[in-house]
Amino acid sequence: MARITNQAVTKMSRTSLLHKSTKPYAKRSRLLRQWDLQLMVLPALLVLLVFSYGPMWGISLSFRDYSIYKGLGDAPWVGFKHFQMLFGAIEFPKVMFNTIALSLLKFALGFPVPILLALMLNEVHSRYFKKAVQTITYMPNFISWVVAAGFVFMLLSRDGLVNAVLVALNIFDGPVDFMLQPEYFWTILILTGIWKGAGFGAIIYLAAISNVDPSLYEAADIDGAGRFRKIFAITIPAIQGVIVILLILSIGNILNAGFDDIFLLTNNMRNYSLTDVANTIDIYVFREGIMNRRYSYGTAAGLFKGIANAILLTTANFTAGRLGRSTLW
Amino acid sequence: MIHYRKPIPERIFDVVNVLLLALFAFACLYPMYQSLILSLNDGKDAMRGGIYFLPRKWTLDNYKAILSNTRLLDSFVVTVARTVIGTALSILITSMMAFSLSKKDLFLGKFYTVLCIITMYFGGGLIPYYLLIRSLHLIDNFWVLVLPGLLSIWNMLVFKSFFSDIPESLEESARIDGANYITIFFRIIMPVSLPAYAALSLFSAVGLWNEWFSAMLFINKRQDLMPLQSILNSIINQTTAIEELQKKTNAAGAIQQLSNITTRSIIVTNMVFISAPIILLYPFLQKYFVKGVMLGSVKG
């Protein structure tokens, strides 16, 4: 009831816009009448302003020379100096290459796995087996990255299972120190990512599959369609929309090659044999800004990434949103 | 149903399909299993290698060792505290905001929503964030483990779409009785939204239990404020440093272990200890996790 009158009042104040004097009065009264709703926004709004918008003030650091001793007020403006240093840095091309190549590889190899998993699970006859596989494969998603890195170190150590199997199969002559050899690092990152996320990622596809009308499969049976025919003619079209949306959304994340996994699997960046292959933009910002305390330079590198990332995300989400309306709902 | 013998290619397909799925499930489970048996095996004996499926020399010494460590007890308390307080506060303020924003006539509502959405696309970056936390004197402060992550925009949007689907009529009689929205929220909206609260609280709790980055950045001197994940991270890296040293000086075994407990057995025992609460609770809570994902994906 009160809501209806509320809306009526709003409408009235809009229609009477010509009388300018009534507008601020209407606003204030609306704010006062909604004191309860406004109060409920307040705590969250404070957190948002402090911890999400607070850091945005610090962006000016990337155009200044900041040192902890002088403080923010005395930091002189230096224009684009830090950005010029960033783009001119010897390691910059390598950092960009690492970031984009690694995230593309993670995407190309990681994206299809949950889809395959969902399709395979859908073909299982035993409900118990299906349920068990689902329960087990979701689990790594809830294990922390610190523990996951511990698993990797354990499995890949000289006396770990991987070395034991590879030596037993005569693929290697003797145990290999996987974590000390840069050529294995990206493979390890990609496989760890799949291990951790594929099971859980399959949920959304399984849900889309479960929405398929069972009579479609029955009709296909009567028409004599085989297993693969049904997968390609019924199941895959059912999840096609979801696939397209997720595909587009992940393009927005091309600069996010991952931080937790890289940082923890390189022993907090102290495993120097991996530094060269592990140096992505996020890691670079952390190393320069936090470890080497080059605050202004780190801010500049972070801002560069932030802006590029925002452009990618906006484009991807906009595209997905437009497509989403036509293909999904 | 008519039962008939399936053609051979289909039967091969079924067998291969089940085998591959079983293999992937095994790969997901095995690391947890191996950590468990290593944590139950004598540390010195484990150094000989070859413990893959069953402990060779059973012992509980590793658990006695880590549980007698007072530092770990402090960490456990800190981790539980940040998980419980963080989840409760986060879910409360997030859902309150979502409820207000679900009212279409909220004054400034559009503005608040835009403020929230912007942060999903752009942030100040790591260094300004670090300097902000420092200037707020949150370094080596318990609240740095709670406050910064309190508002999850994603959860807020999920709550908002959930609340928008609650029929208006539920609130109407209370409005007529003169109840304000705060009363309505706690008395009517929260109770009917329990499934959403359960699912999102679980995600929030797991996230806080597993989060390690903020402590690594901001808990420097106060060892007693280190969450479990940070303790584990620091033990793992101390050990690796020792192993590197051994390799470099080519004096393997130069560091004599005084007891049967080795750093490696301490690490796996810690790994099991940290993950145990999640893994033990997980089978009972699984349906809520799945529900949480679905809540999120409906909104898109």
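The values are calculated or read from the model by the stated rules, or taken from the named source; none is laboratory data. Because the structure is predicted, anything quoted here is derived from the model rather than measured. Here the Cβ positions follow ideal geometry from the backbone for every residue, glycine too, while neighbour counts run over all protein chains shown.
Can you name the number of the only condition in (1) of a type outside the set (Val, Ile, Thr); (2) touching a residue at least 24 places away in the same chain (Cβ under 8 Å); (3) more than 8 Å from chain B (Cβ to nearest Cβ) that A:ASN292 fails?
It fails just one condition, (2).
State yes or no: is B:LEU54 away from chain A (no Cβ under 12 Å) and closer than 30 Å to A:LYS130 by Cα? Please lay out each step first, then the result.
Numbers: away from chain A (no Cβ under 12 Å): yes; closer than 30 Å to A:LYS130 by Cα: yes.
Considered against the rule, which asks whether it is away from chain A (no Cβ under 12 Å) and closer than 30 Å to A:LYS130 by Cα, B:LEU54 comes out as yes.
Between A:SER250, A:SER215, which is more than 23 Å from the chain's Cα centre (by Cα) and polar (S, T, N, Q)? Walk me through how you get there before you give the answer.
Details: A:SER250 fails: more than 23 Å from the chain's Cα centre (by Cα).
Being more than 23 Å from the chain's Cα centre (by Cα) and polar (S, T, N, Q) holds for just one of A:SER250, A:SER215, which is A:SER215.
Keeping to segment B:113-142, report how many residues are within 24 Å of A:ASN256 (Cβ to Cβ), under 25 Å from the mean Cα position of the chain (by Cα) and surrounded by fewer than 16 Cβ atoms within 10 Å (Cβ to Cβ).
Qualifying residue count, segment B:113-142: 3.
Which condition does B:ALA46 not pass, out of (1) more than 7 Å from chain A (Cβ to nearest Cβ); (2) surrounded by fewer than 18 Cβ atoms within 10 Å (Cβ to Cβ), if it passes all the others?
That leaves (2) as the condition not met.
In segment A:86-106, is there at least one residue being farther than 30 Å from B:PHE185 by Cα and hydroxyl-bearing (Ser, Thr, Tyr)? Let's see the steps before the verdict.
Taking segment A:86-106 first, the residues farther than 30 Å from B:PHE185 by Cα are A:86-106.
Applying the additional criterion that residues be hydroxyl-bearing (Ser, Thr, Tyr) yields A:99, A:103.
Yes, segment A:86-106 has at least one match.
So, in segment A:126-146, of the ones that are part of a loop (DSSP other than H, G, I, E, B) and surrounded by 23 or more Cβ atoms within 10 Å (Cβ to Cβ), which residue ends up nearest to the other protein chains (Cβ to nearest Cβ)?
Looking only at segment A:126-146, we keep the residues that are part of a loop (DSSP other than H, G, I, E, B), and these are A:126, A:143-144.
Okay, now just the ones that are also surrounded by 23 or more Cβ atoms within 10 Å (Cβ to Cβ), so A:143-144.
On the way: A:ILE143: 6, A:SER144: 3 Å.
That would be A:SER144.
Enumerate the pairs (first residue in segment B:93-117 and at the interface with another protein chain (Cβ under 7 Å from one of its Cβ atoms); second residue anywhere and β-branched (Val, Ile, Thr)) with beta-carbon separation below 7 Å, excluding pairs fewer than 6 apart on the same chain, so at least 6 apart or on different chains.
B:ILE93/A:VAL47; B:MET97/A:VAL41; B:PHE99/B:ILE189; B:SER100/A:VAL41; B:ASP105/A:THR10; B:TYR112/A:VAL41; B:CYS116/B:ILE153
Give the residues of segment B:150-178 that are buried (at least 18 other Cβ atoms within 10 Å of the Cβ), assigned to a helix (DSSP H, G or I) and at pLDDT 90 or above, sorted by residue number.
Answer for segment B:150-178, where residues must be buried (at least 18 other Cβ atoms within 10 Å of the Cβ), assigned to a helix (DSSP H, G or I) and at pLDDT 90 or above: B:ILE153, B:ASN155, B:MET156, B:LEU157, B:VAL158, B:PHE159, B:LYS160, B:PHE162, B:PHE163.
Look at segment A:295-325 and say how many of its residues are facing another protein chain (nearest Cβ under 8 Å) and among the basic types (Lys, Arg).
Residues in segment A:295-325 being facing another protein chain (nearest Cβ under 8 Å) and among the basic types (Lys, Arg): 1 in total.
Tell me whether segment B:182-198 contains one or more residues that are among the hydroxyl-bearing types (Ser, Thr, Tyr), under 21 Å from the mean Cα position of the chain (by Cα) and over 30 Å from A:ARG33 (Cβ atoms). Outline the logic, then answer.
Just the residues of segment B:182-198 that are among the hydroxyl-bearing types (Ser, Thr, Tyr), to begin with: B:183, B:193, B:197.
Applying the additional criterion that residues be under 21 Å from the mean Cα position of the chain (by Cα) yields B:197.
Narrowing the set further to residues that are over 30 Å from A:ARG33 (Cβ atoms) leaves none.
The answer is no, given that none of the residues of segment B:182-198 is among the hydroxyl-bearing types (Ser, Thr, Tyr), under 21 Å from the mean Cα position of the chain (by Cα) and over 30 Å from A:ARG33 (Cβ atoms).
Is it the case that B:TYR181 is surrounded by 19 or more Cβ atoms within 10 Å (Cβ to Cβ) and of a type in the set (Ser, Thr, Tyr)?
Values: surrounded by 19 or more Cβ atoms within 10 Å (Cβ to Cβ): yes; of a type in the set (Ser, Thr, Tyr): yes.
Against the criterion (surrounded by 19 or more Cβ atoms within 10 Å (Cβ to Cβ) and of a type in the set (Ser, Thr, Tyr)), B:TYR181 qualifies.
Which residue pairs have Cβ atoms under 6 Å apart, sit 6 or more places apart or on different chains, and have a first residue in segment B:135-157 that is within 15 Å of B:LYS221 (Cβ to Cβ) and a second that is assigned to a helix (DSSP H, G or I) and among the aromatic types (Phe, Trp, Tyr)?
B:ILE139/B:PHE218; B:VAL144/B:PHE218
Any idea which residue in segment A:154-189 is surrounded by the most Cβ atoms within 10 Å (Cβ to Cβ), counting only those that are within 14 Å of another protein chain (Cβ to nearest Cβ) and in contact (Cβ under 8 Å) with a residue 60 or more places away in the chain?
A:MET179
Do we have any residue at all in segment A:265-279 that's part of a helix (DSSP H, G or I) and either under 30 Å from A:PRO76 (Cα atoms) or within 9 Å of chain B (Cβ to nearest Cβ) (or both)? Show your work before the answer.
Filtering segment A:265-279 down to residues part of a helix (DSSP H, G or I) leaves A:265, A:272-278.
Filter once more, keeping what is either under 30 Å from A:PRO76 (Cα atoms) or within 9 Å of chain B (Cβ to nearest Cβ) (or both): none.
No - not one qualifying residue is present in segment A:265-279.
Pick out the one residue from A:PHE304, A:PHE263 that is aromatic (Phe, Trp, Tyr) and under 30 Å from A:LEU155 (Cβ atoms).
Details: A:PHE304 fails: under 30 Å from A:LEU155 (Cβ atoms).
None of the other options fit; the residue is A:PHE263.
Within segment A:207-232, work out how many residues are free of Cβ contacts under 8 Å to residues at least 12 places away in the same chain, under 22 Å from A:ARG127 (Cα atoms) and either surrounded by 12 or more Cβ atoms within 10 Å (Cβ to Cβ) or of a type in the set (Phe, Trp, Tyr) (or both). Working first, answer last.
We begin by selecting, within segment A:207-232, every residue free of Cβ contacts under 8 Å to residues at least 12 places away in the same chain; these are A:207, A:210, A:213-215, A:218-219, A:221-226, A:228-229, A:232.
Right, trim to under 22 Å from A:ARG127 (Cα atoms) and you get A:207, A:210, A:213-215, A:218, A:221, A:226, A:228.
Cutting the leftovers down to either surrounded by 12 or more Cβ atoms within 10 Å (Cβ to Cβ) or of a type in the set (Phe, Trp, Tyr) (or both) gives us A:207, A:221, A:226, A:228.
So the count comes out to 4.
Considering only residues that are in contact with a Leu (Cβ under 9 Å, 6 or more places away or on another chain) and at pLDDT 75 or above, look in segment A:1-45 and name the one that is nearest to B:LEU170 (Cα to Cα).
A:LEU37
Among the candidates A:ALA308, A:ALA316, A:ALA257, A:ALA300, which residue alone is under 16 Å from the mean Cα position of the chain (by Cα) and farther than 18 Å from A:PHE97 by Cβ? Please lay out each step first, then the result.
On the way: A:ALA308 fails: farther than 18 Å from A:PHE97 by Cβ; A:ALA257 fails: farther than 18 Å from A:PHE97 by Cβ; A:ALA300 fails: under 16 Å from the mean Cα position of the chain (by Cα).
Selected residue: A:ALA316, the only one of A:ALA308, A:ALA316, A:ALA257, A:ALA300 that is under 16 Å from the mean Cα position of the chain (by Cα) and farther than 18 Å from A:PHE97 by Cβ.
Count, please, the residues in segment A:249-260 that happen to be part of a helix (DSSP H, G or I) and within 12 Å of chain B (Cβ to nearest Cβ). Give the steps one after another, and end with the answer.
Let us first name the residues in segment A:249-260 that are part of a helix (DSSP H, G or I), namely A:249-251, A:260.
From the residues that got through so far, the ones that are within 12 Å of chain B (Cβ to nearest Cβ) too are A:249, A:260.
Of the residues in segment A:249-260, 2 are part of a helix (DSSP H, G or I) and within 12 Å of chain B (Cβ to nearest Cβ).
List the pairs whose first member sits in segment B:7-26 and is more than 7 Å from chain A (Cβ to nearest Cβ) and more than 21 Å from A:ARG229 (Cα to Cα), whose second member is surrounded by 11 or more Cβ atoms within 10 Å (Cβ to Cβ) and of a type outside the set (D, E, K, R), and whose Cβ atoms are under 9 Å apart, counting only residues at least 6 apart or on separate chains?
Qualifying pairs under 9 Å: B:ALA22/A:PHE129; B:ALA22/A:VAL133; B:PHE26/A:ILE136.
Taking A:LEU247 and the conditions (1) farther than 25 Å from A:TYR66 by Cα; (2) touching a helix residue (DSSP H, G or I) at 6+ places or on another chain (Cβ under 7 Å); (3) surrounded by fewer than 22 Cβ atoms within 10 Å (Cβ to Cβ); (4) not β-branched (Val, Ile, Thr), which numbered condition does it fall short on, given that it satisfies the others?
(2)
State yes or no: is A:ILE239 away from every other protein chain (no Cβ under 11 Å), of a type in the set (A, V, I, L, M) and surrounded by fewer than 21 Cβ atoms within 10 Å (Cβ to Cβ)? Before the answer, list the steps.
Numbers: away from every other protein chain (no Cβ under 11 Å): yes; of a type in the set (A, V, I, L, M): yes; surrounded by fewer than 21 Cβ atoms within 10 Å (Cβ to Cβ): no.
Considered against the rule, which asks whether it is away from every other protein chain (no Cβ under 11 Å), of a type in the set (A, V, I, L, M) and surrounded by fewer than 21 Cβ atoms within 10 Å (Cβ to Cβ), A:ILE239 comes out as no.
All but one of (1) modelled with pLDDT under 90; (2) closer than 30 Å to A:GLN84 by Cα hold for A:SER52; which doesn't?
(1)
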